[in-house]
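Have a look at the structure below, then the notes.
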Amino acid sequence: MKANSTLILNVDDNDGARYAKNRILRGAGFEVVEATNGTDALEMVKRLCPALVLLDVKLPDINGIEVCRRIKANPESAMVLVLQTSAALTGRADKIRGLEGGADNYLAAPIEADELIANVNALLRMRQTQVQLRDSEERFRQITDNIDDVFWMFAVPEGDLVYVSPAYSAIWGGNAEDLRQRPEAWLEAVHPDDRERIAGRWRQLQQAPHYDDEFRILGPDGRTHWVRDRLFAVRNARGEVYRVARVTSDITARKEMEALLRAADRNKNQFLATLAHELRNPLSPIRNAAALLGSSSDGVGNSVGNSSAERQARAREVITRQVDHLAHLVDDLLDVARISEGKIVLRTEEVDLGAVVAQAIETAGPLIAARNHHLDVRLPGPQVWVMGDPVRLAQSVGNLLHNAAKFTPKGGDLSVSVSLVENERVQIAVRDNGIGIAEDNLPRIFGMFAQVDVPPDRAPEGLGIGLSLVSHLLELHGGHLSAQSPGIGMGSTFTVELPLLRVSAPQASLDHCQPSEQGGSGMRVLLVDDNVDAMEMMGFLLAEMGYETCTTSDAAQIEELALRHKPQVIVLDIGLPGIDGYEVARRIKRNPAFSDIRLVAHTGYGSPEDRKRAMDAGFDAHLVKPAELPDLERALKG
C-alpha cells in the first residue's frame, strides 16, 4: 500500500485540541482528516493510508499506545509515521513507553505550532528517505530475483553471507539458509581440479577483493557446468572495503559453443590439408605421365614397360583416370554447396534397388578388385522398388561401398544386403571387417568435414564430406543413414533406410565380385606407394631418365626387396595402409644392411611440421606431391 505523501490523520477525543492541531497543520499546507477514537483511527489508516498519524495517547476506547502498536504491526501500514501527543502523560517514562510502543516521536503538551510543524516535517523527510531506500532495495531485489545469474554479497573480513539471489538454488543446487549457516559451503560444489585455486582466491579476499575467473561446478542435475565468477569490492564512505559483491553466470552453453567452434576450426584446417593432399595425389601421376608423353627416349632396358608406345598408352590411361578422380572431387564439393544452399534437385522416378546396388558395385568394383576383397551381395527374392533419383541413390550406396573397400585391409570381407522392414521400409546394409569406428566418433561421423582420428598422412583419406553428403541425399529421399561399429578393428555397418514403394516378381541375385590380382617389379630405385598409378608413372619416368626401378605398394615387402635389389634410393610414401611411414623409415635406418640407402619421403603433406617430422624420422629428403622433376632428381642424387 502506497501512503498519501501529504495526508495527515489527526486522532484526539478532545474537540478543542483536535481543532487547534487541524488548524495548524492545514495552515502549513497539509491535508488533514480526523478521528475521535482508536477504532475509527485504525479503520481510516487501513482505508486512507495517511503519511502520518498525529495520535493522542488517551482515547476513549483503545489506548493510543496500543493503536500505534497495531499500526506498526500490520505490514500494510508499518511505514505510516506515528507522532504521539499527550497533555497528561508528559513524564520521561511516558515518552519512553510511547517510543518503545512503535511511535516515531513523542510530544508532550503544551505544543507550540512551530514545534509541531517542525516535528511533522522532520518525520516526513525521514519517511521520504525510508521510502526511497525501500524502493531502491525493491528494485535491487526485483533485478536479482529475476536474473539467471547468482548475485552474492559477503561481509569483509568475516566472510559472512549478507545476501544471495534465488538463482543460487538453480545453478548450485544449494539452499540459501544453509549457505548463511556455512558461507563457505558453495566451494563444495566446485570441481576438484578447480577447487583449490578458487579457495585460494577466497582466502585472499581482504587483500585482493576482486577477480574474474572461470571454473567448473557440479550442478544439481549431476552434470558438470562452467561458470564465470566476478568479484567486486564494495567500499564505505571512508573508502574501506567492508563487503564484496559477486556475480556468477552459467557459461556452459558458451563453453560448448566454443568447443564446437574449435572443432569446426580443426575440421576446416583438416579439410583444407586433406583437400590439398587429395588434389596432389592425382596430380603426381598426371605430371609424371605428361613428362613421359613428352619424352623422346625409347627407354631401352626399362623393366616397367615393354615399349615406348605401350608406356605412352598407359600414361594416357592414367591421365584420364586421375582427371576423372579430380572431377569426382569437384562434383562432391559442388553437391555439398548445393545441399547447403537448398539448390539440389532430385529427378525422382520408380527405382529398382537391385539396379542401384549393381551400379554401386560397378562404381566401387575397381577398388574392391585392387585390394583383393571378397564381396557378398544378398538381395531379397522379390524385386524391390522405391521412389527416388536413381543416380543419387547409386551415388550414395557406391560411396558407402567405396568407403568399406578403402578402410578395410587387403583381402577383407565386404557385404551388401537388402531387406524389407514391416513391408513399409527397405534397408540396404553395407558391412565390412575393416578398421572400425571408435564409439566416441560415431555421433559425429556424419558431420561436414568430419575425419576420424588416425595417423597423419594416412587417415584423412577423402575430404570428410562423403558421409555427410550421403546422409543429406537420403534425407531428401525421406530416408536416413545410420552407422554401427563394435569398435576399432572390428568393422562397421552402414545402413540406408528408405520408404518402400512396392515389390514385384522375383529377380535373380547379382553375381559375386571376384577381385583381380596385381603386382609389380623393378631394380635400383625402390618406389613404395599405395597409389599404383602414381608409382607406375614415376617408375616409367625414372626409367626414361636412365634409372633402374622396382616398385611395391606393400610396405611389408620393403626390406625383402631392399635386400634382394640393393637400391641406392628408396622413395617412400609416408601414408601406407596399416603402417606408419615414419616408423618404416626409422626401422630402415636402424638396420646396418641399409645404412647406405638414401630415403626420400614422398607425401601430400608439406607443412614445416611435416618436413621436420620426416627429417626426425630419418628421411634424407622430403618431396611434396606432385614433385617437380628437378626436385626429384636432386632428392635422388642428394
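Of the listed requirements (1) touching a residue at least 40 places away in the same chain (Cβ under 8 Å); (2) in contact with a helix residue (DSSP H, G or I) (Cβ under 6 Å, 6 or more places away or on another chain); (3) within 21 Å of Val131 (Cα to Cα); (4) crowded, with 21+ Cβ neighbours inside 10 Å, Asn10 misses just one: (3). Taken over region 236-251, residues that are surrounded by 14 or more Cβ atoms within 10 Å (Cβ to Cβ) and either of a type in the set (Lys, Arg) or farther than 21 Å from Leu161 by Cα (or both) amount to 3. The requirement of being under 30 Å from Ala20 (Cα atoms), of a type in the set (A, V, I, L, M) and surrounded by 17 or more Cβ atoms within 10 Å (Cβ to Cβ) is not satisfied by Leu99.
Taking the criterion of being open to solvent by 40 Å² or more (accessible area, probe 1.4 Å), over 30 Å from Tyr582 (Cα atoms), modelled with pLDDT under 85 and not in a loop (DSSP other than H, G, I, E, B), would at least one residue in region 483-493 satisfy it? No, the conditions are met nowhere in region 483-493.
Among Glu138, Glu158, Glu115, which is out of contact with any helix residue (DSSP H, G or I) (no Cβ under 7 Å at 6 or more places or on another chain), farther than 29 Å from Arg26 by Cα and part of a helix (DSSP H, G or I)?
Glu138
Of everything listed in (1) touching a residue at least 60 places away in the same chain (Cβ under 8 Å); (2) within 15 Å of Met490 (Cα to Cα); (3) surrounded by fewer than 16 Cβ atoms within 10 Å (Cβ to Cβ), the single unmet condition for Val430 is (3). Taken over region 205-224, the criterion of being exposed (fewer than 11 other Cβ atoms within 10 Å of the Cβ) and within 20 Å of Asp160 (Cα to Cα) is satisfied by Gln207 alone. The residues on offer are Ala170, Ala176, Ala233, Ala189, and the sole one that is under 20 Å from Asp145 (Cβ atoms) and surrounded by 14 or more Cβ atoms within 10 Å (Cβ to Cβ) is Ala176. For region 56-82, filtered to residues that are among the small types (Gly, Ala, Ser) and open to solvent by less than 20 Å² (accessible area, probe 1.4 Å), the residue that is farthest from the chain's Cα centre (by Cα) is Gly64.
Which of the residues that make up region 552-583 are among the aliphatic types (A, V, I, L, M), under 15 Å from Asp620 (Cα atoms) and either surrounded by fewer than 22 Cβ atoms within 10 Å (Cβ to Cβ) or touching a Lys or Arg at 6+ places or on another chain (Cβ under 8 Å) (or both)? Selection gives Val569, Ile570, Ile574.
Considered as a group, the residues in region 193-226 that are assigned to a strand (DSSP E or B) and aromatic (Phe, Trp, Tyr) include one that is nearest to Arg246 (Cα to Cα), and that residue is Tyr211.
Put simply, of Val45, Val53 the only residue that is touching a residue at least 12 places away in the same chain (Cβ under 8 Å), open to solvent by less than 60 Å² (accessible area, probe 1.4 Å) and either among the basic types (Lys, Arg) or under 24 Å from Ala88 (Cα atoms) (or both) is Val53.
Any residue that is of a type in the set (A, V, I, L, M), more than 37 Å from the chain's Cα centre (by Cα) and open to solvent by 40 Å² or more (accessible area, probe 1.4 Å) - is there at least one of those in region 357-368? No, that holds for no residue. The set of residues in region 552-569 that are without any contact (Cβ under 8 Å) to a residue 60 or more places away in the chain and touching a helix residue (DSSP H, G or I) at 6+ places or on another chain (Cβ under 7 Å) comprises Thr552, Ser553, Ala555, Ile558, Ala562, Leu563.
Just so you know, in region 464-482 the residues that are of a type in the set (Gly, Ala, Ser) and touching an Asp or Glu at 6+ places or on another chain (Cβ under 9 Å) include one that is modelled with the lowest pLDDT, and it is Gly466. If you take the residues of region 142-166 that are within 22 Å of His191 (Cβ to Cβ), open to solvent by less than 20 Å² (accessible area, probe 1.4 Å) and touching a residue at least 60 places away in the same chain (Cβ under 8 Å), which of them is nearest to the chain's Cα centre (by Cα)? Selected residue: Val150. Scanning region 23-42 for residues that are surrounded by 18 or more Cβ atoms within 10 Å (Cβ to Cβ) and closer than 17 Å to Leu124 by Cβ yields Ile24, Leu25, Phe30, Val32.
The values are calculated or read from the model by the stated rules, or taken from the named source; none is laboratory data. Just so we're clear, the structure is a prediction, and the values are computed from it rather than from any experiment. Backbone-built Cβ (ideal geometry, glycine too); neighbour counts: all protein chains shown. Only protein heavy atoms, including side chains, enter the accessible area calculation; ligands, DNA and RNA are left aside. Shrake-Rupley method; radii C 1.70, N 1.55, O 1.52, S 1.80 Å.
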